[in-house]
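Written out below as structure tokens is the structure these notes cover.
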Amino acid sequence: MYRALSAFSTAKWRWNSAAGYWQPSFNSFPLYCDEMSKSLTPRHPRGLARRLTVAYFTMEIAATDRIPTFAGGLGVLAADIMRSSADLGVDAACVSVCWQFGYLKQAIRPDGTQSYEQVAWDPSKELTKLPQTISVQIERRTVKVGAWMMEYTSGNSATKGHAVPLYFLDTNLPENTPEDRAITQHLYGGDAAMRMKQEVVLGCGGVRMLRALGYDDVGTFHMNEGHCAFLTLELLRERGFNDALVRGSCAFTTHTPIKAGHDVFGYELAWRIAGNLLPWHIKKLAGEDALSMTQLAMTLSRYTCGVSAVHGEVARKMLGNSAIDSITNGVHHVEWVSPDMTKLFNTYIAGWQDDPSLITKHCRDIPDDALWHAHEQGKLRLLHVVREQTGLTLNPDRLTIASARRVVAYKRPELLYTDLVRLKEVCCGRVQIIHAGNAHPGDVFAQEVIHRMIDHSKELRDCMDIAYLPNYNPELAKLLVAGADVWLNTPARLHEASGTSGMKACLNGTINLSTLDGWWVEGYHRDPESGWRIGPLALPLGDEDTRRIDAEDLYTQLQYAVIPEYEYPGHIRWLRRMKRSIGLMGHFNANRCVQEYVSKAWNR
């Protein structure tokens with residue numbers, strides 16, 4: 001067992017006036033931790049010290065469509081929060097990982113089976129290589145970590161030019177062994193040992209890289225999920241293993257409403273992988289029986305939140321922490337609005353890019369014919385892609401339902417196909433459906449779901465057209481949320497933490513038909529005329545009974561509300577609902593989300 005011994009009696013301490021605590025000077029603060037002292041990075045020269053309101057740590061980020069350093073919604077959200085931080089002039093920086101392989105390229109064969117190939121990329125063509133290199137100890141080996149950078153620059157007229165840097169940590173360096181170069185190879189790849197190594201690099205390595213870059217004064221270290229929690233242990237080293245000093249500068253967002261989704265490591269593995277990093281009281285911080293990254297993050301954070309009001313309630317109960325707050329997610333309105341809707345907003349909602357609340361105030365001033373034309377253009381683009389990728393020619397005048405998301409059980413991707421006889425009765429000749437969603441090659445459940453949905457499309461082909469698009473990614477998501485008429489989301493209640501795809505649909509005038517869970521509980525109650533709900537808020541029944549009731553309610557909503565409203569002459573009723581859907585974006589945008597983070601989590 002490795003113990004950290006610190007020469008605090010001879011250390012020089014300085015008062016950090018911006019952060020509000022005493023901290024040791026790196027120049028005169030020796031740490032003796034076996035080999036750890038060799039890997040500590042000296043503080044950046046004082047003249048180049050830099051200040052941050054927040055250092056935002058995240059395991060993944062969808063920085064651009066061209067960079068595969070993300071797997072799903074967690075990374076997409078991180079990017080939107082950083083974009084809005086730039087627009088609002090927040091002194092922020094993001095720390096993530098330069099994954100060599102983020103997501104996989106998916107191909108769907110005619111029989112419904114899938115094949116995959118890895119998406120490799122060249123960071124030098126997208127990012128700027130930084131000269132700084134730091135070290136971390138992993139399995140008592142010194143692992144070198146480099147960094148790449150890109151920036152988000154504000155497009156807001158009041159903060160134009162304000163930049164938020166994104167730093168991508170990289171162990172794929174010549175100095176490292178092949179084993180250690182592979183640490184930043186596959187996002188969420190490998191076994192528990194590999195995951196822990198990755199999280200050491202992100203948390204411990206991320207703090208050290210910030211110091212090497214000159215960020216001496218960081219107001220808040222924000223952990224976007226528990227993957228980042230090892231940053232707290234690096235801060236403990238800096239601050240004399242004083243829990244209170246670390247807690248005062250950390251905040252944590254939990255995204256996972258299912259216990260199985262939280263990282264937990266056995267202590268035998270933890271001591272082997274990260275022995276020098278773990279303090280003597282790690283069990284007090286992270287759990288007696290096993291090292292819970294979520295528990296560690298909560299224990300050493302002054303503020304913890306979920307990502308919607310209902311998720312906050314779920315997290316408080318699941319994690320046994322009554323202090324957990326909630327900040328509902330939002331989407332970056334400029335990033336996710338279609339080109340045609342952008343032109344429309346520019347014409348009828350002056351200043352909407354700087355202030356998205358204006359969308360709510362003025363969306364009803366948009367002329368019906370102009371709104372419908374913009375929507376039709378987005379629909380035609382989507383149907384063109386469907387024809388290119390599947391050979392299926394869809395009807396632009398027919399009600400088009402899109403359902404696109406990661407294929408996991410709690411999202412109930414097959415709810416629409418619970419009763420095929422009822423589905424035919426309701427939708428035959430009146431509805432067409434577009435699905436998208438990736439399944440990991442090792443996920444048998446998800447593979448089988450896609451296979452069955454392809455089978456359903458064949459079984460129903462004489463009644464309705466159903467397309468399944470491969471490679472669900474941000475570029476395709478933008479086409480789907482802009483081109484569909486209805487956005488279908490069917491998660492099991494209390495399992496969808498937020499669900500930002502529905503917000504992106506609203507922004508483009510696409511109308512939500514969704515289970516009351518995550519953000520849609522708040523959206524629907526803000527304006528019940530902005531979309532439709534599937535089932536009540538909660539059902540005290542078993543899973544199978546709930547599924548049956550929700551499926552029947554879905555068919556009923558389609559039969560008596562959604563389809564008749566779409567087919568009403570002139571789309572008059574539909575356009576009214578489209579405007580109310582767009583109106584939700586005055587609240588469910590990333591600018592509002594960041595403003596809440598500033599006031600609740602980042603403002604010390």
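The values are calculated or read from the model by the stated rules, or taken from the named source; none is laboratory data. Source: prediction; values computed, not measured. As a convention, Cβ positions derive from the backbone with ideal geometry for all residues, glycine included, and neighbour counts pool all protein chains shown.
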Which numbered condition Y597 misses (of (1) over 21 Å from I401 (Cα atoms); (2) in the same structural domain as T342 (by TED's automatic domain parsing)): (2)
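Please work out if S308 is in contact (Cβ under 8 Å) with a residue 12 or more places away in the chain, assigned by TED's automatic domain parsing to the domain that holds A251 and surrounded by 24 or more Cβ atoms within 10 Å (Cβ to Cβ).
yes
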Search result, residues across the range 489-539 that are more than 22 Å from Y555 (Cα to Cα) and β-branched (V, I, T): T500
Where a residue in the range 258-274 is of a type in the set (F, W, Y) and its partner, wherever it lies, is crowded, with 19+ Cβ neighbours inside 10 Å, with Cβ under 7 Å and at least six apart: F265/M196; F265/L291; Y267/L291; W271/L278
Residues that are within 30 Å of N589 (Cα to Cα) and part of a loop (DSSP other than H, G, I, E, B), drawn from the range 253-308: T254, H255, T256, P257, I258, H262, D263, L300, S301, R302, V307, S308
Unmet requirement for T393, which otherwise passes all of (1) within 26 Å of S85 (Cα to Cα); (2) over 26 Å from the mean Cα position of the chain (by Cα): (1)
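Restricting the range 192-217 to residues that are of a type in the set (D, E, K, R) and part of a helix (DSSP H, G or I), which is nearest to R237 (Cα to Cα)?
Ranking the qualifying residues of the range 192-217, first place goes to R208.
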Residue selected from the range 490-516 under the condition over 17 Å from the mean Cα position of the chain (by Cα) and among the polar types (S, T, N, Q), by the criterion farthest from R364 (Cα to Cα): T490
Any hit, the range 328-338, residues being assigned to a helix (DSSP H, G or I), under 30 Å from A297 (Cα atoms) and acidic (D, E): no
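Tell me whether the range 173-191 contains one or more residues that are free of Cβ contacts under 8 Å to residues at least 24 places away in the same chain, within 25 Å of the chain's Cα centre (by Cα) and buried (at least 17 other Cβ atoms within 10 Å of the Cβ).
The answer is yes; a qualifying residue exists.
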Filter result for the condition that a residue is among the hydroxyl-bearing types (S, T, Y) and either at positive phi or touching a residue at least 12 places away in the same chain (Cβ under 8 Å) (or both), over T546, T556: T546
Strands (runs of 3 or more DSSP E) enclosed by the range 424-512 - at least 1 residues per element that are more than 25 Å from P536 (Cα to Cα): 431-436, 466-469
E225 vs. criteria charged (D, E, K, R), in contact (Cβ under 8 Å) with a residue 24 or more places away in the chain and under 30 Å from H333 (Cβ atoms): yes
Pairs with Cβ under 7 Å, 6+ apart, first in the range 463-485 and outside the structural domain of L104 (by TED's automatic domain parsing) and over 17 Å from H332 (Cβ atoms), second of a type in the set (K, R) and buried (at least 19 other Cβ atoms within 10 Å of the Cβ): G483/K379
Unmet criterion (only one of (1) of a type in the set (S, T, N, Q); (2) more than 21 Å from R547 (Cβ to Cβ); (3) modelled with pLDDT of 95 or more) for N438: (3)
Single condition T133 does not satisfy, out of (1) more than 26 Å from the chain's Cα centre (by Cα); (2) farther than 27 Å from M293 by Cβ: (2)
Residue satisfying condition, being touching a residue at least 12 places away in the same chain (Cβ under 8 Å), assigned to a helix (DSSP H, G or I), in the same structural domain as I434 (by TED's automatic domain parsing) and closer than 30 Å to L494 by Cβ, within set T400, T347, T360: T360
Pick from the range 70-94, criterion hydrophobic (A, V, I, L, M, F, W, C) and part of a helix (DSSP H, G or I), ranking: surrounded by the fewest Cβ atoms within 10 Å (Cβ to Cβ): L74
